[in-house]
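The values are calculated or read from the model by the stated rules, or taken from the named source; none is laboratory data. Please read all numbers here as calculations on a predicted model, not as lab measurements. Cβ placement follows ideal geometry from the backbone for every residue including glycine, while neighbour counts extend to all protein chains displayed.
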Amino acid sequence: MLPLLLASSSAYRRELLGRLRLPFACASPDIDESRLGGETAEALVRRLAEQKARVLAEQYPQHLIIGSDQVAVLGEQILGKPHDFERAHRQLSNASGNSVTFLTGLALLNTASGHCQVDCVPFTVHFRPLDAARISRYLHAEQPYDCAGSFKAEGLGVSLFRATEGSDATSLVGLPLIRLVDMLLLEGVELP
C-alpha cells in the first residue's frame, strides 16, 4: 500500500481519518480558497479538495493524498467559518427553523499513477427554531468559531438539530469516510 497523506491541518479531519486505523501523515496545503466567479458551491469544494491534494503531490511522490474541503449552504448563500461571536450568532439566527446543506468535496490522488478520484458528498441539517438566548448560550458553551455553519455536530451542536439527512454523517464533520473507503478500495487499500 502506498503511504497515506492527509492534506489538511484540521484536527477534526485527523480524528476522523484515525478511525480507519490506517497509518497516515498530515501536511497542510497552502492554496487560495477563494471562490471563482460564477462557481457553484459544489464545484468549489470539488476543485479545492483536488487542489489541496495536487499541491502536495511533488513533495509526496508515491503517496495516496487525501484532500477535502467543505462549505455550508443556506438557500443560495455559502456560509463560511464565522471566526467570531457576532457572525456565528447571525449564521445560527438565519439557520433557525431552516435547513443547511453541507457539501464536502473529497479527492484521493495517487501520485504514483496520477489517478485522481473526486466527489462531493452532501449532508443536510434541519435546525430547530432557535431564539437569541439559546444561540448565545450555545455559542458561549462551545465557541464553534472555526466551524462552517457555526456549530460542532460532534458536540453540543447536535442539540440545535431537528433532524439530519444524508448517506454519511462523517461528511458533516468534514471527511466523508464511507466515500473515502470506496476510493481507497479502488486503489487497492485493504480495510477490514
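Observations on the model:
- Pairing each residue of the stretch 4-21 that is more than 11 Å from G67 (Cα to Cα) with any residue that is of a type in the set (D, E), provided the two are 6+ apart or on different chains, yields C-beta distances under 8 Å for Y12/E154.
- Applying a threshold of 6 Å to beta carbon distances and a minimum spacing of six or more residues, or different chains, the list of pairs starting in the stretch 181-192 at a residue that is within 10 Å of M1 (Cα to Cα) and ending at one that is surrounded by 11 or more Cβ atoms within 10 Å (Cβ to Cβ) reads E187/L64; E187/N110; V189/M1.
- Pick from the stretch 59-117, criterion touching a residue at least 40 places away in the same chain (Cβ under 8 Å) and of a type in the set (K, R), ranking: farthest from S8 (Cα to Cα): R87
- Helices (runs of 4 or more DSSP H) wholly inside the stretch 73-192 that include at least 3 residues being surrounded by 18 or more Cβ atoms within 10 Å (Cβ to Cβ), among the small types (G, A, S) and over 17 Å from the mean Cα position of the chain (by Cα): none
- Candidates in the stretch 55-72 are the residues that are within 19 Å of the chain's Cα centre (by Cα), modelled with pLDDT of 95 or more and among the small types (G, A, S); of these, the one that is farthest from G157 (Cα to Cα) is G67.
- Answer residue from the stretch 1-17, given it is aliphatic (A, V, I, L, M) and part of a helix (DSSP H, G or I) and is modelled with the lowest pLDDT among those: A11
- Condition met for S99 (of a type in the set (S, T, Y) and at pLDDT 95 or above): yes
- A148 vs. criteria among the small types (G, A, S), over 15 Å from L20 (Cβ atoms) and touching a Leu at 6+ places or on another chain (Cβ under 7 Å): yes
- If you filter the stretch 34-58 down to residues that are free of Cβ contacts under 8 Å to residues at least 24 places away in the same chain and either within 10 Å of T111 (Cα to Cα) or of a type in the set (D, E, K, R) (or both), you find that the one that is surrounded by the fewest Cβ atoms within 10 Å (Cβ to Cβ) is E58.
- The set of residues in the stretch 18-30 being exposed (fewer than 15 other Cβ atoms within 10 Å of the Cβ), in a loop (DSSP other than H, G, I, E, B) and not charged (D, E, K, R) consists of P23, S28.
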